[in-house]
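Participant: I am attaching a structure below and will ask some questions about it afterwards.
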Amino acid sequence: MNRVGIIGTGDIAHKVYLPLLADHPEVEIVALASRTRSKAEALARHYRLKALIGTVDEVLRVRPDVIFIHASTSSHFELVQACLESGIHVYVDKPLSMDLEHTHRLEQQAKAAGLLLAVGFNRRFAPMIRAAVLAVPNPTIAISEKHRMSRLRSSPIETVYNDLIHAIDLACWAGSIPPDAIVQGSGIVDGNKLRSMTALVSALGYHAQVAMTREAGNDTERFFLAGSNTSATVFDLDSVVVQQDGVTTQRRFGGWDNVLLRRGFVGIVNHVLESLTSPGECHVSATAVLQTHRVAAQIARIVTGR
């Protein structure tokens, strides 16, 4: 049984992680911390949790096996650092930090302590994405897109790290992108809001294009891979079309399939829990997603012109 603490009870905790963890046969939620105590108490009643409701320090004193952090990105550095200093494994929403130096420091701290620091790039575990990567294990090109109908209220940098970073991560994960990869791109910024962004990440034998707009006709995502006479295209995480030597096959979810499964949340939670005994093998450890943060930092500089 894995003893789990949760820090932060915002939207994603309520809609995704509390339902999954409260219902997981190998999990006992032992502590909750929230800026609004009444909200944490209400969630504990809703999920019938016999958990401590307290401050971050009180959660740390309970010494869970792992703490799930669902707080604001600006608070990640201090919260993750406190957990690691207490010798506790951590799962934190993406991004780990919008400061690349902070990302490096936390990654090194976790590695030195032999602790798992996992970052919530759930799309790596979306079944249709994994089917595409399995079909094209050595791609020479990737096109990763994530489009939405409305503009975020956040700044251009925040939009890169909170929205575009999903497309960046899939492009980095699917192919081999070294630390010295060339990143070029251009964004359209209007009134300190990022309307659209395209970027090309180039490495020897592999090119990846990432793109987003906040002015699409509908919320949509597309992920394309090609190499060795095989291509795979994932549409909205719901279906995948694989073409190999002129033969096309298609797979799609049924209407009743769980949305948390489709989007990779079920897979990532199970994988993280399984990785507590072997942090170095986690596919979303801070080390495994370091390149994603490096590329995001370069795209953020392009957007801001700094």
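The values are calculated or read from the model by the stated rules, or taken from the named source; none is laboratory data. Keep in mind that this is a model prediction, so the values were computed, not measured. Methodologically, a virtual Cβ is constructed for each residue, glycine included, from the backbone with ideal geometry; neighbour enumeration extends over all protein chains shown. To get the accessible areas, we keep the full protein, side chains included, count just its heavy atoms, and leave off ligands, DNA and RNA. Shrake-Rupley method; radii C 1.70, N 1.55, O 1.52, S 1.80 Å.
Participant: Percent of Cα-Cα pairs per 10 Å bin, from 0 to the last occupied bin, for the chain, please list those.
Facilitator: Once binned at 10 Å, the Cα pair distances of the chain give 6, 26, 34, 24, 8, 1.
Participant: Just want to confirm a number: the relative contact order over the stretch 60-189, from Cα pairs under 8 angstrom separated by 6+ residues, in percent. Please list the in-between numbers first.
Facilitator: On the way: 122 pairs, mean separation 26.0, N = 130.
Reported relative contact order: 20 percent.
Participant: Still on this structure: What is the gain in length, in nm to one decimal, between ALA112 and ASN138 on full extension, counting 0.36 nm per residue of separation less the C-alpha to C-alpha distance?
Facilitator: 6.2 nm
Participant: With labels modelled as points extended 7 Å from the Cα through the Cβ direction, what inter-label distance (nm, one decimal) is found for SER75 paired with SER202?
Facilitator: With each label placed 7 Å out from Cα toward Cβ, I get 4.3 nm.
Participant: Same structure again: Could you rank the peptides 52-59, 157-164 by their average count of other C-beta atoms within 10 Å per residue, with the highest value first? Spell out each step's value before the answer.
Facilitator: Working: 52-59: 17.6, 157-164: 21.8.
Answer by packing, highest mean first, reads 157-164, 52-59.
Participant: Show me, bin by bin at 10 Å from 0, the whole-percent P(r) of the stretch 97-150 based on Cα pairs.
Facilitator: 17, 30, 34, 19, 0
Participant: Please list HIS271, HIS14 in order of solvent-accessible area, largest first, computed with a 1.4 Å probe with all protein chains present.
Facilitator: Working: HIS271 25, HIS14 80 Å².
Sorted descending by solvent-accessible area, the residues read HIS14, HIS271.
Participant: Peptides 140-152, 246-258: what's the order by average Cβ count within 10 Å, highest mean first?
Facilitator: Details: 140-152: 17.8, 246-258: 9.8.
The packing order, highest mean first, is 140-152, 246-258.
Participant: Also, I was wondering about something else. Normalise the Cα radius of gyration of the stretch 1-45 by 2.2 N^0.38 Å (N = residues in it) and let me know the number. Could you put the intermediate results ahead of the total?
Facilitator: On the way: Rg = 10.0 Å, N = 45, 2.2 N^0.38 = 9.3 Å.
Relative to the 2.2 N^0.38 Å estimate, the stretch 1-45 comes out at 1.07.
Participant: Let me ask another. Can you give the convex hull volume of the alpha carbon atoms of the stretch 130-186 per residue, in Å³? Walk me through the intermediate numbers first.
Facilitator: Values: hull volume 6.4 nm³, N = 57.
Looking at the stretch 130-186, the number lands at 112 Å³ per residue.
Participant: Right, next: Treating each Cα of the stretch 1-97 as an identical point scatterer and ignoring solvent, apply the Debye formula and state log10 I(q)/I(0) at q = 0.10, 0.21 Å⁻¹.
Facilitator: Per q value, in the given order, log10 I(q)/I(0) is -0.21, -1.03.
Participant: Oh, and also: In the chain, what % of DSSP beta bridges are antiparallel (nearest 5)?
Facilitator: 65
Participant: Shifting gears a bit: To the nearest 20 Debye, how big is the dipole of the chain about its Cα centre, given +1 on the beta carbon of each Lys and Arg and -1 on that of each Asp and Glu? Write out the running numbers ahead of the final one.
Facilitator: Working: 31 positive and 29 negative charges, 110 e Å.
With only Lys, Arg, Asp and Glu charged at Cβ, the dipole is about 520 debye.
Participant: Then there's this: Once you treat every alpha carbon in the stretch 64-159 as an equal point and sum by Debye, what is log10 I(q)/I(0) at q = 0.11, 0.21, 0.25 Å⁻¹?
Facilitator: The computed values of log10 I(q)/I(0) come out as -0.45, -1.06, -1.19.
Participant: Further question: So for the chain, taking the charge dipole from beta-carbon charges (+1 Lys/Arg, -1 Asp/Glu), which of ALA40, PHE77, VAL259 sits furthest toward the positive end?
Facilitator: Selected residue: ALA40.
Participant: Using helices alone, what [θ] at 222 nm do you get for the chain, with -39,500 (n - 2.57) per DSSP H run of 4 or more residues, divided over all residues and rounded to the nearest 500? Show your work: numbers first, answer last.
Facilitator: Values: 11 runs with 98 residues, N = 306.
Only helices count here, giving -9000 deg cm²/dmol.
Participant: Tell me the relative contact order for the stretch 169-306 as a rounded percent, counting alpha carbon contacts under 8 Å between residues six or more apart. Mind showing how you got there, number by number?
Facilitator: On the way: 159 pairs, mean separation 27.0, N = 138.
After rounding, I find 20 percent.
Participant: Another question about this same structure. Within the accessible area of the chain, what % is carbon and sulfur when the probe is 1.4 Å and the other protein chains stay in place? All intermediate terms of the calculation are to be shown ahead of the outcome.
Facilitator: Numbers: 6880 of 14060 Å².
Its accessible area is 49 percent carbon and sulfur atoms.
Participant: Cross-link partners among lysines for LYS146, C-alpha distance below 30 Å, same-chain residues fewer than 8 apart left out?
Facilitator: LYS15, LYS94, LYS193
Participant: Report, ordered by chain and residue number, the aspartates and glutamates lying within cross-link reach of LYS39, taken as a straight Cα distance under 12 Å and ignoring same-chain residues fewer than 8 apart.
Facilitator: ASP11
Participant: Compute the convex hull volume of the Cα atoms of the stretch 70-221, divide it by the residue count, and report the result per residue in Å³ as a whole number. Don't skip to the answer; put the middle values down first.
Facilitator: Working: hull volume 19.9 nm³, N = 152.
Per residue, the Cα convex hull of the stretch 70-221 comes to 131 Å³.
Participant: Take the chain, connect every pair of alpha-carbon atoms lying under 10 Å apart with a spring to form a Gaussian network, then pick out the residue of ASP65, ASP169, ASP93 with the largest mean-square fluctuation.
Facilitator: So, out of ASP65, ASP169, ASP93, the one fluctuating most is ASP65.
Participant: Debye sum, Cα scatterers, the stretch 241-306, no solvent: what log₁₀ I/I(0) at q = 0.20, 0.24 1/Å?
Facilitator: Debye output, listed in q order: -0.90, -0.94.
Participant: In whole angstrom, and with the biggest value first, how far do the Cα coordinates of the stretch 195-264 range along each principal axis?
Facilitator: Cα extents, longest axis first: 41, 38, 22 Å.
Participant: Still on this structure: Please state the equivalent ellipsoid semi-axes for the stretch 182-306: what are the square roots of 5 times the Cα gyration tensor eigenvalues, largest first, in whole Å?
Facilitator: On the way: eigenvalues 146, 100, 69 Å².
Ellipsoid half-lengths, sorted descending, are 27, 22, 19 Å.
Participant: Considering only C-alpha atoms, what is the centroid distance from the stretch 245-271 to the stretch 175-215, in Å?
Facilitator: When both Cα centres are located, 26 Å separates them.
Participant: Assigning unit charges at the beta carbon (Lys, Arg +1; Asp, Glu -1) and nothing else, what dipole magnitude in debye, to the nearest 20, does the stretch 236-286 show about its Cα centre?
Facilitator: Values: 4 positive and 6 negative charges, 27 e Å.
With Lys and Arg at +1 and Asp and Glu at -1, about 140 debye.
Participant: How much accessible area per residue does the stretch 12-131 have, counting only protein heavy atoms and a probe of 1.4 Å, in square angstrom? Please list the in-between numbers first.
Facilitator: Numbers: 5360 Å² over 120 residues.
On a per-residue basis, 45 Å².
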